[in-house]
Amino acid sequence: MKLNKLSIYLVVVSIFCASIHLSAQKLVRYDLHVKDTLVNFTGKTKRAIAVNGQIPMPTLTFTQGDTAEIHVYNELKEATSLHWHGLILPNKEDGVPYLTQMPIEPGTTHIYRFPIAQNGTHWYHSHSGLQEQIGMYGSMILNKRNDDLTFRKGIDDLPTIPVVISEWTDYNPNNIHRMLHNATDWFAIKKGTTQSYAEAIKEGHFTTKVKNEFKRMLAMDVSDVYYDKFLLNGNQESQLSQFKVGEKVRLRISNGGASSYFWLNYGGGKFQVVANDGNDVEPTEVDRLIIAVSETYDIVLTIPEKDKSFAFQATSEDRINRTLMYLGEGEKQKMAPLPRLKYFEGMKMMNSMMKMNGDLDDMGMQMSLNQMDMNVVMYPEITGPSSAQLKSSEKDQYNSNALSDIVTLNYAMLKSPHNTTLPKDAPTKEIKFELSGNMNRYVWSMDNQVVSESDKILIKKGENVRMIIYNGSMMRHPMHLHGHDFRVLNGQGDNAPLKNIIDIMPMETDTLEFNANMEGD
Ligand SMILES: [Cu+2]
């Protein structure tokens, strides 16, 4: 965004910050004005939606035990709504139009009011149409009370930076949606990721290409949409120069993108993962992680050297572009972008696994929790620069942590500091979901019956619900539950981590469970 525009926004923001009221009852009020705006991220002026004049929307901060009161003024020409993602709250405050409330009509005001029953990093977004894509996303930070028994010295008292990562496209999101349904190669052409015959022959993969055509695959890509820019708190590049050598910083990161997964890594070395989806985890040190659409992660970074600044980098999964935030004072240290994907290795691998009807042949492989990633055949930093010469055993073929020194977070590494087991005396309901189909058409089925978006699954209050989800499609898929956290059965026993999003990779089976202690849809 251009600087002159930004300075105007800052003035507006400070006025609205002053209007937050804190009373003895710990009622915390925000006033949010939703309004059309014009932005220029690419050289072209485009329509977007700003709240209180800003994109992303203002960071909303509460402390566990507060009551939130959020006044939404719809100054658009269309209806809107706000969903508080990851929050456990009364059903009527959940912000899903036609399910938990009526849409907020143009020119009207809606008040959301709910108790803050948890702590952690969350975010909020419009749940109407595709408004989220053009600006309606923001951080929602729920602080732990200082006297909380779970307060962690050295983590919960660190300086904190809310980070929301997003994408920008100059295309009207409704047109993108239509194009995705028409299954064109357009976005792959824009990205330069179509796999032409000439390219295929040059790289020695002619037979791979022919087989692909035979199976009527489109140009294979790990993500469907071309974006012009990736943004971190609304900027492609930024710097936080207030941090000094040796200091630790906690980033509270949300993926507010509409369809992009992002690789997160840090130019200053390894970092610690301390929370996920708003729930504490035992600190674990990694070199990088991939954040699924709408997940949140809290990480702790250290400034390793004096008079230098180091980049925190978010790279789109297709590695077409990235966004950078430098931490520290002084000279910016260059950070190499992640190397481009080896698409032909990916095509070859897909060909060997795809059946004639476009479904995947799981070949009896047991995969779960992002531990085995078939995409590693495409990562030069893990499997080498050219055609993969994997020396590993069959078992570790897709296990990136076994194949290199780079430590990549996976869900099996997440461990709750607390016992998260469900009530022992509750009845258990088990549901099996399966996602099948090729890239052009997704079909969900439940207990072998095809389900549609309008179907409802009946769950009795008090039941322990166990979901076993298998992804038989060729695309990874993030699944999200409203109003509850679920346990991911990941081998950590009583300390299974709590999440509300789970990314399920192709051919993976994951099992989650939660106690259905809420009412409503
Ligand atoms: Cu949500």
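The values are calculated or read from the model by the stated rules, or taken from the named source; none is laboratory data. None of the values given here were measured: they were computed from a predicted structure. Don't worry about glycine lacking a Cβ; one is built from the backbone with ideal geometry, like all the others, and counts go over all protein chains shown.
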Filter segment 327-338 down to the residues that are under 30 Å from Arg476 (Cβ atoms) and touching a strand residue (DSSP E or B) at 6+ places or on another chain (Cβ under 9 Å), then identify the one that is surrounded by the fewest Cβ atoms within 10 Å (Cβ to Cβ).
Pro337
Could we say that Asn119 is over 16 Å from Ala50 (Cα atoms), buried (at least 19 other Cβ atoms within 10 Å of the Cβ) and more than 16 Å from the ligand (Cβ to nearest atom) here?
yes
Exclusive hit being touching a Pro at 6+ places or on another chain (Cβ under 8 Å) and either within 16 Å of the ligand (Cβ to nearest atom) or touching a residue at least 12 places away in the same chain (Cβ under 8 Å) (or both), set Asn517, Asn495, Asn500:
Asn495
Of everything in segment 82-112 that's touching a strand residue (DSSP E or B) at 6+ places or on another chain (Cβ under 9 Å) and at positive phi, which residue is surrounded by the most Cβ atoms within 10 Å (Cβ to Cβ)?
Gly86
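Can you tell me which of Gly129, Gly120 is in contact with a strand residue (DSSP E or B) (Cβ under 8 Å, 6 or more places away or on another chain), on the phi > 0 side of the Ramachandran plot, touching a residue at least 40 places away in the same chain (Cβ under 8 Å) and not hydrophobic (A, V, I, L, M, F, W, C)? Spell out how you get there, then give the answer.
Working: Gly129 fails: in contact with a strand residue (DSSP E or B) (Cβ under 8 Å, 6 or more places away or on another chain).
Gly120 is the lone residue from the list that is in contact with a strand residue (DSSP E or B) (Cβ under 8 Å, 6 or more places away or on another chain), on the phi > 0 side of the Ramachandran plot, touching a residue at least 40 places away in the same chain (Cβ under 8 Å) and not hydrophobic (A, V, I, L, M, F, W, C).
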Can you find a residue in segment 215-235 that is part of a loop (DSSP other than H, G, I, E, B), within 16 Å of the ligand (Cβ to nearest atom) and surrounded by 20 or more Cβ atoms within 10 Å (Cβ to Cβ)?
no
By residue number, the members of segment 456-483 that are touching a residue at least 12 places away in the same chain (Cβ under 8 Å), closer than 21 Å to Leu99 by Cβ and assigned to a loop (DSSP other than H, G, I, E, B) are Lys456, Ile457, Ile459, Lys460, Lys461, Glu463, Leu481, His482, Gly483
Search result, residues across segment 287-296 that are more than 16 Å from the ligand (Cβ to nearest atom) and buried (at least 20 other Cβ atoms within 10 Å of the Cβ):
Leu289, Ile290
Could you check how many residues of segment 306-337 are under 19 Å from the mean Cα position of the chain (by Cα) and part of a loop (DSSP other than H, G, I, E, B)?
5
Scan segment 301-317 for residues that are surrounded by fewer than 18 Cβ atoms within 10 Å (Cβ to Cβ), under 12 Å from Gly269 (Cα atoms) and out of contact with any Gly (no Cβ under 7 Å at 6 or more places or on another chain) and report the count.
1
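Is it the case that some residue within segment 460-477 is of a type in the set (Phe, Trp, Tyr) and at pLDDT 95 or above? Walk me through it before giving the result.
Within segment 460-477, the first condition is being of a type in the set (Phe, Trp, Tyr), and the residues that meet it are 470.
Restricting the remaining residues to those that are at pLDDT 95 or above gives none.
Checked segment 460-477: no residue is of a type in the set (Phe, Trp, Tyr) and at pLDDT 95 or above.
Regarding Glu132, is this residue within 16 Å of the ligand (Cβ to nearest atom) and of a type in the set (D, E, K, R)? Talk me through it step by step, then tell me what you get.
Working: within 16 Å of the ligand (Cβ to nearest atom): yes; of a type in the set (D, E, K, R): yes.
Against the criterion (within 16 Å of the ligand (Cβ to nearest atom) and of a type in the set (D, E, K, R)), Glu132 qualifies.
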Across segment 473-492, what is the total count of residues that are farther than 20 Å from Glu317 by Cα and away from the ligand (no atom under 16 Å from the Cβ)?
6
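Output the residues belonging to segment 503-514 that are over 16 Å from Leu422 (Cβ atoms) and either within 16 Å of the ligand (Cβ to nearest atom) or part of a strand (DSSP E or B) (or both). Break it down stepwise before answering.
So in segment 503-514, the residues over 16 Å from Leu422 (Cβ atoms) come out as 503-510.
Passing the criteria: Asp503, Ile504, Glu508, Thr509, Asp510.
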Residues that are modelled with pLDDT under 95 and buried (at least 24 other Cβ atoms within 10 Å of the Cβ), drawn from segment 254-286
Gly257, Ser260
Consider Thr67 against the criteria (1) away from the ligand (no atom under 16 Å from the Cβ); (2) under 22 Å from Ile501 (Cβ atoms); (3) hydroxyl-bearing (Ser, Thr, Tyr): it satisfies all of them except one. Which criterion is unmet?
(2)
From the residues in segment 500-512 that are buried (at least 20 other Cβ atoms within 10 Å of the Cβ) and over 12 Å from Tyr411 (Cβ atoms), which one is farthest from the chain's Cα centre (by Cα)?
Met507
Considering segment 156-173, residues that are at pLDDT 95 or above and of a type in the set (Val, Ile, Thr), and then whichever is surrounded by the fewest Cβ atoms within 10 Å (Cβ to Cβ), we arrive at Thr160
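I'm trying to understand the selection: among the residues of segment 388-408, which are closer than 11 Å to Val377 by Cα and at pLDDT 60 or above?
Restricting attention to segment 388-408, the residues satisfying the condition of being closer than 11 Å to Val377 by Cα are 388-390, 397-400, 403.
The answer is Gln397, Tyr398, Asn399, Ser400, Leu403.
In this structure, is Leu38 touching a residue at least 40 places away in the same chain (Cβ under 8 Å) and part of a strand (DSSP E or B)? Write out each step before concluding.
On the way: touching a residue at least 40 places away in the same chain (Cβ under 8 Å): no; part of a strand (DSSP E or B): yes.
So Leu38 does not fit the description; no.
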